[in-house]
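Scroll down for the structure; my scribbles are underneath it.
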Amino acid sequence: MRDPRFFLKKYYSNSRALVIGINDYKTASTLSYAVSDATEICEILVNDLLFLRENITCLLDSNATRKNISHAFLRFTSDEVDADDRIIIFFAGHGHTKTGINGDVGFLVPYDADINDFSTFIRWDELTRNAELIHAKHLLFVMDACYGGLALTRSLQAGSARFVKDMMLRYSRQVLTAGKADQKVSDSGGPLPNHSVFTGHLIEGLSGKAANEDGILTASTLMSYVYGKVANDKSSQQTPHYGHIDGDGDFILKAPGITELVKDDDKDLDHLMVVPYAEEEFSIETTASKIKKVKTLLANDFSTIELHDFIIEEVRLFLSTTSEDNFQVQGDYSNDELIERISKYENLSNDLVIISACIAYWANPTQRVILQKIIARATDRIESKGGTVVWLYLRWYPLILELYCTGIAAIEGKKYDVLASIFYTTVSRSESRQQDESFVESVSDGINELTNAGVFKNLPGHETNFTPMSEYLYKILQPKLDDILFIGKGYEKTFDEFELLFALVVMDLNEQGDKYGWGPIGRFGWKGKHHNPNSPLKNLIAEAQTKGDNWGPIKAGLFGGKLERFTQQSSKLLKQLAGMGW
């Protein structure tokens with residue numbers, strides 16, 4: 001069979017749907033809102049998703065017989081349906097599960113079903129087998145019913161990035177059900193009046209709440225949204241079930257910019273979007289349990305692959321929850337919004353940051369590679385686009401936390417080789433970065449922009465600080481790091497050493513690249529004023545001079561492994577600090 005990507009188009013030729021809603025059954029118990037659910041879905045398909053009304057078959061109550069449902073579904077197997085079509089099947093009604101020799105078998109219950117006669121039901125796998133006969137590249141089943149036997153093959157993992165046009169070229173059969181076998185569907189009490197819990201959240205997702213910042217809505221993003229909302233709804237006792245039954249594409253529900261991208265034949269422009277995590281309020285794994293697991297894996301040289309896979313899931317979660325979809329860069333600035341965003345960034349990045357600090361403190365050479373992968377992938381979503389300046393710059397904040405926590409942990413553990421790996425990890429070029437650069441260079445640019453904009457001076461208690469961001473980080477990071485590393489009173493010295501090496505390495509890289517620029521000045525700056533005998537910079541210089549080429553940072557390769565480069569930059573920094581008007 002030919003790969004469909006080479007003959008399918010980057011758009012839909014037509015949009016079709018079969019919508020079913022059954023309140024009043026012939027023998028089964030009555031439902032309250034299945035018909036209103038189905039009716040509203042029809043309206044959304046027409047008004048929001050631009051389906052033609054004549055391409056929607058709507059079967060309600062007594063019209064939703066087994067024969068009529070089967071007939072309407074099999075009409076999609078005709079030659080009228082093009083390979084570039086998309087089809088939605090929506091069912092609101094009773095579902096049923098019967099356990100067979102090989103596991104659960106799921107059924108949909110049509111209007112005229114005899115509850116005591118399974119031959120009058122519609123087997124779920126009857127639909128999936130017949131779906132093979134349908135030419136349309138994308139088929140999405142949405143079932144407001146609970147039943148088992150779905151046999152889902154996979155789903156796009158949360159945090160996965162996919163190109164929108166490429167998803168248009170990939171075959172897919174996807175399904176979202178209201179619940180699994182033996183779960184009770186909540187027919188009321190959802191977010192919208194006259195709708196079930198499941199369809200209420202589905203309607204809100206289709207109406208825009210599940211779309212990303214660019215307005216793009218796919219089956220995967222919709223399913224993830226509905227899963228989280230329904231699973232955590234106080235009126236719900238059900239957990240939606242979703243994924244692929246075939247293929248690896250993604251049903252595109254909305255893509256406002258896709259038309260313009262398709263028009264440009266000279267350039268293969270595309271939009272990279274990320275699948276969000278389901279909004280699960282109750283996580284089985286706590287931060288403490290994750291740290292314990294990471295420490296166990298770090299202690300065993302044979303657990304590298306398991307550590308890698310565990311970390312990748314955390315990076316996916318980080319990318320998904322801290323993406324622009326959750327932190328829109330448009331909108332007016334306010335101090336209240338700034339404080340809220342900073343707190344939200346800290347909460348959502350906390351687990352990855354602390355886990356990374358554990359790795360930085362204990363990492364062997366193999367585990368250093370995993371740490372570098374965390375850093376490299378964590379910068380993937382930072383792109384140049386229009387928006388409010390402060391919100392654009394603040395996207396670097398989770399990565400600032402990552403750099404500080406891993407850097408401080410590495411220094412505390414005397415792992416200067418790890419520190420070098422962190423500093424010099426390559427951040428690949430993108431729209432906003434025309435060439436590859438190191439992690440410290442990228443983060444330094446972000447810090448400088450935030451400093452120039454006076455962002456952290458707007459935080460309560462930091463309005464008059466010389467170095468407000470440094471002072472803020474100094475306080476909030478201490479309990480996180482002390483809990484896992486037990487740094488104690490040595491924390492201040494370690495913090496100062498990190499900020500100094502960070503600034504000096506950035507200065508050194510700027511000079512090596514023939515660029516002008518100072519490294520970020522932390523709280524060590526004001527501590528070095530007025531001939532302070534405990535100047536962190538002077539103490540660092542003295543240590544380097546005493547140990548020479550055996551000094552840890554030099555042996556690890558910082559400053560190119562050359563003491564004279566450190567000496568040159570530290571002398572420049574001394575002069576800079578002496579000239580500051582603090």
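What FRET efficiency comes out for the pair I115/E285, r = Cβ-Cβ distance, R0 = 45 Å, nearest 0.05?
That gives a FRET efficiency of 0.60.
Quick check on the range 214-257: take the gyration tensor over C-alpha atoms, sort the square-rooted eigenvalues as a ≥ b ≥ c, and tell me if it's rounded (a/c under 1.5), prolate or oblate.
Verdict is oblate for the range 214-257.
Order the peptides 165-175, 500-510 from the highest to the lowest mean number of other Cβ atoms within 10 Å of their residues.
In decreasing order of mean packing, 165-175, 500-510 become 500-510, 165-175.
Under a point spin-label approximation (7 Å from Cα along Cα-to-Cβ), what is the Q568-F7 distance to one decimal in nm?
Going by the 7 Å Cα→Cβ label model, 6.3 nm.
With a 1.4 Å probe and all protein chains in place, put W551, W396, W582 in order of accessible area, largest first.
W582, W396, W551
State in Å² the accessible area per residue of the chain; use a 1.4 Å probe, count heavy atoms of protein chains only, and round to the nearest integer.
Value for the chain: 45 Å² per residue.
Under a plain spin-label model, where a point goes 7 Å from the Cα along Cα-to-Cβ, how far apart in nm are N194 and N102?
4.4
So which lysines pass the test for K67, namely a Cα distance under 21 Å, with those fewer than 8 places away in the same chain ruled out?
The qualifying lysines are K26.
Once you've got the Cα coordinates, tell me which of K295/K493; K515/K575; K98/K234; K538/K562; K489/K527; K137/K165 are over 21 Å apart.
Among K295/K493; K515/K575; K98/K234; K538/K562; K489/K527; K137/K165, the Cα-Cα distance tops 21 Å for K295/K493; K98/K234.
Please give the charge dipole size of the range 459-522, origin at the Cα centre, charges +1 on K and R Cβ atoms and -1 on D and E Cβ atoms. Round to the nearest 20 debye.
With only Lys, Arg, Asp and Glu charged at Cβ, the dipole is about 160 debye.
Rounded to a whole number of µm²/s, how large is the Stokes-Einstein D of the chain at 25 °C and 0.890 mPa s, given Rh as the Kirkwood radius over C-alpha pairs?
Estimated via Stokes-Einstein, D reaches 92 µm²/s.
Sort E564, E337, E54 from largest to smallest accessible area, using a 1.4 Å probe on the heavy atoms of the protein chains.
Putting E564, E337, E54 in descending order of accessible area: E54, E564, E337.
Between the range 296-370 and the range 78-139, how far is it from one alpha carbon centroid to the other, in angstrom?
The range 296-370 and the range 78-139 have Cα centres spaced 41 Å from each other.
Which loop trypsin sites (Lys or Arg not before Pro) in the range 496-582, with loop taken from DSSP, have no more than 15 other Cβ atoms within 10 angstrom of their Cβ?
Those that pass, being in a loop and sparsely packed, are K515, K529, K562.
Sticking with the crude label model, points 7 Å out along Cα→Cβ, report the distance from L133 to N55 in nm, one decimal please.
Each label point is offset 7 Å from its Cα along the Cβ direction, giving 2.2 nm.
Pulled fully out, how much extra length does the chain show between E306 and T388, if you take 0.36 nm times their separation in residues and subtract their Cα-Cα distance?
25.5 nm
Cα gyration tensor of the range 493-582, axes a ≥ b ≥ c as square roots of the eigenvalues: rounded (a/c below 1.5), prolate (a/b > b/c) or oblate?
Oblate.
What percentage of the solvent-accessible surface of the chain, computed with a 1.4 Å probe over protein heavy atoms, is contributed by carbon and sulfur atoms?
Carbon-and-sulfur percentage of accessible area, whole number: 49.
Going down the table (K9/K180; K415/K457; K344/K373), which pairs top 29 Å between alpha carbons?
In this structure, K9/K180; K415/K457 lie more than 29 Å apart at Cα.
For the range 456-479 and the range 194-220, what is the centre-to-centre distance using only Cα atoms, to the nearest Å?
39
Going by the alpha-carbon gyration tensor, a ≥ b ≥ c the square roots of its eigenvalues, is the range 7-50 rounded (a/c under 1.5) or, if a/c is not under 1.5, prolate (a/b greater than b/c) versus oblate?
Prolate.
Output the relative contact order of the range 6-143, whole-number percent, from Cα pairs under 8 angstrom with separation of 6+ residues.
31
With a 1.4 Å probe and every protein chain left in place, tell me how much accessible area R162 has, in Å² to the nearest 10.
Surface open to solvent at R162 totals about 80 Å².
Starting from 0.36 nm per residue, how many nanometres of slack lie between D248 and Y516 once their C-alpha separation is accounted for?
Residue separation times 0.36 nm, minus the Cα-Cα distance, leaves 91.7 nm.
How high is the FRET efficiency from K475 to S235, r the C-beta distance, R0 35 Å, rounded to 0.05?
Once rounded, the FRET efficiency stands at 0.25.
Please work out the FRET efficiency for the pair D48 and R123, using the Cβ-Cβ distance as r and a Förster radius of 45 Å; give the result to the nearest 0.05.
Taking R0 as 45 Å, the efficiency between D48 and R123 is 0.90.
The values are calculated or read from the model by the stated rules, or taken from the named source; none is laboratory data. No experiment lies behind these values; they were computed from the predicted model shown. Neighbour counts are summed over all protein chains in view; Cβ atoms, including those assigned to glycine, are modelled from backbone coordinates with ideal geometry. Surface accessibility is based on the protein's heavy atoms, side chains included, excluding ligands, DNA and RNA. Shrake-Rupley method; radii C 1.70, N 1.55, O 1.52, S 1.80 Å.
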